[in-house]
Every structure is written in C-alpha cells, then in structure tokens.
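Working notes for the structure below.
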Amino acid sequence: MGAARATWGRGWAAICEGLGRGMVGGDWGRAAVGTLDGITDAASTNHALQPLIMLLKPHCTLVLVGAPPKLEEPVFPMLQGGRGITGTANGGLKKIQEMLELAAKHKILPDVEVLPIDYVNTAMERLEKGDVKYRFVIDVRNSVKSG
C-alpha cells in the first residue's frame with residue numbers, strides 16, 4: 001500500500017486507536033489532522049465521516065468499503081484541500097484477495113476478542129448494546145470438550 005502505517009476501523013475512535021494505540025481525540029486528535037495519506041473505513045452503519053476526512057492530507061482519499069446507507073457530510077472540508085471520498089460495496093473478489101495476500105505477507109492481524117462458545121448469548125447482548133471494541137471470534141475448538 002505504500003504506507004508506513006495502516007489502520008482499519010469503524011469510525012473515529014477505532015482509527016485513532018489504530019494509529020495511536022489508545023489515544024483518542026484530545027490533543028492527539030488535533031495533532032493528527034492533515035497527516036494521513038489515506039483511510040479505509042469499513043463501517044457499514046451511519047457515522048460521521050468529517051473527523052476522518054480531516055485526518056487526510058490534501059488531495060488524499062477516504063475509501064468506504066461497505067458504505068453506510070446514508071451520507072450527510074459537509075462538502076467544504078473535502079473541497080478545502082481536494083480531499084475525496086470513494087468506495088465500493090465489497091471491494092470485489094480480486095481486491096479482497098489482494099488485501100488478504102498483503103495482510104498475510106506483512107503479518108497484519110485483526111484486533112479480535114476471542115470468546116468461549118458458552119459466552120455467545122452475552123456476546124449477542126453486547127452487540128445489540130454496541131459494547132464491542134473489536135470483532136468477536138468464537139473459539140469453538142477450545143470450547144467443545146472431547147469425550
């Protein structure tokens with residue numbers, strides 16, 4: 001990708017955490033304005049894009065993969081500096097394969113919360129409440145007792 005650092009996330013907090021490992025908003029957020037060459041945003045729910053757009057350097061792009069159903073963003077922040085938004089519903093099979101190969105080559109791993117299978121109901125409740133920081137992964141292999 002040509003970047004010194006890449007982060008994927010679902011909105012402002014996830015992007016900031018990916019770039020600064022826990023430093024969300026505040027002085028760090030202001031210092032990060034205009035510093036990124038590109039952002040890939042994979043959140044498919046409605047969320048504010050302006051904070052992400054403002055992180056971009058002039059003439060750089062925010063890429064939406066799995067676009068939200070509705071966009072209501074001020075146009076001026078994009079025009080000021082030639083920033084843009086582009087996107088795709090899923091990236092296409094070829095692009096997904098390229099992304100997976102790039103991730104494997106550079107050992108880029110997702111941040112996940114591994115859960116035992118008996119925690120599934122609680123995990124579903126947490127999903128409904130929006131109390132999910134990372135992706136959930138159900139550890140079936142270590143949860144099922146062999147007899």
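Checking the Cα-Cα distances for 70/94; 107/133; 70/105; 105/145 against a 31 Å cut-off, the pairs over it are 70/105; 105/145. Close amide H pairs (under 5 Å, H built 1.01 Å from N) link residue 87 with 64, residues at least 5 positions away or on another chain.
Under a 5 Å amide H cut-off, with hydrogens placed 1.01 Å from N, residue 36 pairs with 56, 57 among residues at least 5 apart or on other chains. Looking at region 87-144, the accessible area is 85 square angstrom per residue; that uses a 1.4 Å probe and ignores ligands, DNA and RNA. Highest mean packing comes first when the peptides 132-139, 50-57 are listed by Cβ atoms within 10 Å, giving 50-57, 132-139. Name the GluC sites (Glu not before Pro) in region 42-121 that are in a loop by DSSP and that have at most 16 other C-beta atoms within 10 Å, would you? Filter output for region 42-121: 72. Share of region 33-104's accessible area from carbon and sulfur, percent, 1.4 Å? Percent of accessible area from carbon and sulfur atoms in region 33-104: 62.
The values are calculated or read from the model by the stated rules, or taken from the named source; none is laboratory data. Model, not experiment: these values are computed from the prediction. All Cβ positions, even for glycine, are placed from backbone atoms using ideal geometry, and neighbour counts span all protein chains on display. We work out accessible area using only protein heavy atoms, side chains counted, and drop any ligands, DNA or RNA first. Shrake-Rupley method; radii C 1.70, N 1.55, O 1.52, S 1.80 Å.
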